Amino acid sequence: MEIYIGTDIVENKRIQQAYEKYKDKFLTRIYTQREIEYCLNKKEYIQCLSARFAAKEATIKAYYQAFKEILTFKQIEILG
């Protein structure tokens, strides 16, 4: 059995800039509706969005290594 791990680090400032520039267009391209609702209800919503972005990128990397298929950000949902 092979196990694949993906890691990613993202700067909160990068996510904040994308959110401020593109607003809903950025959110709906990257996040599911449940992720958007969850994060925007948090006081530290940028950190919440950043954490999910990093987790999604890590998942995409690991999935590609395992299956040689590309996932989109919207195909992955990070809950909690």
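Observations on the structure shown:
- Qualifying position, being at pLDDT 95 or above, assigned to a helix (DSSP H, G or I) and surrounded by fewer than 17 Cβ atoms within 10 Å (Cβ to Cβ), among Lys74, Lys56: Lys74
- You will find that of Gln65, Gln17, the residue that is assigned to a helix (DSSP H, G or I) and modelled with pLDDT under 95 is Gln65 and no other.
The values are calculated or read from the model by the stated rules, or taken from the named source; none is laboratory data. Since this is a predicted model, take the numbers as computed values, not measurements. Cβ coordinates were reconstructed from backbone atoms using ideal geometry, including for glycine residues, and neighbour counts include every protein chain displayed.
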